[in-house]
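Reviewing the structure listed below.
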Amino acid sequence: MTPEGIRAIRGMHDVLPDRVALWQRLELISQQVLSGYGYQEIRTPILELTGLFARSIGEVTDIVEKEMFSFTDRNGESLTLRPEGTACCLRAAIEHGLLQQTRRLWYRGPMFRHERPQKGRYRQFHQVGVEAFGFPGTDIEIELLLLTRRLWTGLGITGLRLEINSLGLPEERAGFREALTAYLRRHHEALDEDSQRRLEQNPLRVLDSKNPALAGILAGAPVLADFLGDDSRGRFSELLAGLDHLDLPYQINPRLVRGLDYYAGLVFEWTTDRLGAQATVCAGGRYDRLAEQLGGPAVPAVGFAFGVERLLLLMEEGGTLPDPAEADLYLILGGERLRQAGLGMAERLRDALPGVRLLTHCGAGSFKGQFKKADRSGARYALILGDDEWARGTLGIKPLRETGEQRELSFEETVAFLAKVFGGDSANGTRDF
Ligand code: HAM
């Protein structure tokens, strides 16, 4: 129960201890995969000047028009809780002169959008994002897509679909925009309210409509691919040939336009049928003009971000469950006199068994009460240090998850036994769940 008026904000969630293990698993695996491709982590503030997002994501986008958490600070400046990471990462790279050489950067952390909360859609959510600066070719694009595939394999997520499209250059898109606007105006009456509004402000976004009633109209709409020049078409074919060569299946989705304005060229989304309306778990593309647009050098750029919560939902659905145990070992102490000795023994055990989680009983308690706590902690073994063990320089050890008698072992024997049980996995932090 919380006192009246004191509660978490709608769409913003606490991650409780029993779920953190799953988050950490995703974080650890993504970090390993990203560093395997030479990506370096960058950390930027959660607050930025509002202008950064208006100038990058685009004034006429859902995010900037209605989803940003913005406020005026004490100095009269408009600040915004970052709704995404690309603009922040690029801002930092420009500001610190990182763009003089090629860079592969990644980041993770909370993002904020004032959307209507539902399963898989939150107001504070988390992304892991990747940005590659200074690479103009399709090689980096293919590498990025291979990296995403490796992520899904590492996380044990199957059944995702890669949808890709080419948005071409802004000048090519202008011709398409004109044709599309003319076509949609002819069908104005049949459009829903949202699409009528988008038609006037950002007609490409009408293509993104999920309203099944519009499927017929959209199917007859002009297709962006017909407006692309030879260079853009050539690039896209080269990319597709690379994906074919590396056995990475994809679906071309000519209506994929993305909700952020900075893209030109490749755009892609990894989607699933298992999360209802929140089908996109990862999305990105090329945005070569943005660095210059933000006052930096002209540097080609491409990247993506995935939604952590959405992937966690899929991991859970696929049977990856968080580890419910608080500890691997629970140290039970025989009375008041052994409290300090027990803390010292726990230190020696931790030195000898790095990575193994050891809970030392703190506070008073009978043996029976301590065994109950040990059991509740989820630990696999109870270690017992009573007066007799202390006098003999030994430890009692009792399995809690399988049948077995309590045994008495020397310190060295205890360590050797536990090292074998918990193996190398716990020592390097990659525990099995
Ligand atoms: P985005 O498509 O806006 O792209 O977001 C990327 C991913 O973040 C989505 O595919 C989704 O999984 C997750 N996501 C977005 N909004 C929410 C939400 N309200 N609740 C839960 N998850 C959400 C970007 O943000 C670009 N910065 C990606 C990028 C990086 N493009 C180039 N580099």
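The values are calculated or read from the model by the stated rules, or taken from the named source; none is laboratory data. The shown structure was predicted, so the numbers you read here are calculated from the model rather than taken from an experiment. Because the Cβ atoms are built from the backbone with ideal geometry, glycine has one as well, and the counts that use them run over all protein chains shown. Calculation scope for accessible area: heavy atoms of the full protein, side chains included, ligands and nucleic acids excluded. Shrake-Rupley method; radii C 1.70, N 1.55, O 1.52, S 1.80 Å.
Residue count for the stretch 93-113 satisfying the condition of being more than 25 Å from Leu145 (Cα to Cα), more than 9 Å from the ligand (Cβ to nearest atom) and in a loop (DSSP other than H, G, I, E, B): 2. Among the conditions (1) within 14 Å of the ligand (Cβ to nearest atom); (2) among the aliphatic types (A, V, I, L, M); (3) farther than 30 Å from Leu28 by Cα, the only one that Leu162 does not satisfy is (3).
Of the numbered criteria (1) free of Cβ contacts under 8 Å to residues at least 40 places away in the same chain; (2) open to solvent by less than 40 Å² (accessible area, probe 1.4 Å); (3) out of contact with any Gly (no Cβ under 7 Å at 6 or more places or on another chain), the one Leu105 fails is (1). The set of residues in the stretch 339-351 being in contact with a helix residue (DSSP H, G or I) (Cβ under 8 Å, 6 or more places away or on another chain) and either outside any helix (DSSP H, G or I) or open to solvent by 40 Å² or more (accessible area, probe 1.4 Å) (or both) consists of Arg348 alone.
Checked against (1) more than 22 Å from Leu314 (Cβ to Cβ); (2) within 14 Å of the ligand (Cβ to nearest atom); (3) open to solvent by 50 Å² or more (accessible area, probe 1.4 Å), Val15 passes all but a single condition, namely (1).
Taking the stated definitions as given, is Leu204 open to solvent by less than 40 Å² (accessible area, probe 1.4 Å), modelled with pLDDT under 95 and farther than 25 Å from Val15 by Cβ? Yes. Against the definition (surrounded by fewer than 22 Cβ atoms within 10 Å (Cβ to Cβ), out of contact with any Leu (no Cβ under 7 Å at 6 or more places or on another chain) and either modelled with pLDDT of 95 or more or at positive phi (or both)), how does Gly355 come out, yes or no? Criteria met by Gly355. If you go through the stretch 35-49 and pick out every residue that is assigned to a loop (DSSP other than H, G, I, E, B) and open to solvent by 50 Å² or more (accessible area, probe 1.4 Å), you end up with 3. Hey, any hits in the stretch 310-328 for a residue that's under 33 Å from the mean Cα position of the chain (by Cα) and on the phi > 0 side of the Ramachandran plot? Within the stretch 310-328, one or more residues are under 33 Å from the mean Cα position of the chain (by Cα) and on the phi > 0 side of the Ramachandran plot.
So which residues in the stretch 393-415 are open to solvent by 60 Å² or more (accessible area, probe 1.4 Å) and without any contact (Cβ under 8 Å) to a residue 12 or more places away in the chain, if there are any at all? Result: Glu402, Thr403, Glu405, Arg407, Glu412, Glu413. Being aliphatic (A, V, I, L, M) and within 14 Å of the ligand (Cβ to nearest atom) is the filter here, so list the residues in the stretch 120-159 that pass it. Passing the criteria: Val128, Val130, Ala132, Ile140, Leu144, Leu145, Leu147, Leu151, Leu155, Ile157. Among the conditions (1) within 16 Å of the ligand (Cβ to nearest atom); (2) at pLDDT 95 or above; (3) open to solvent by 50 Å² or more (accessible area, probe 1.4 Å), the only one that Phe53 does not satisfy is (3).
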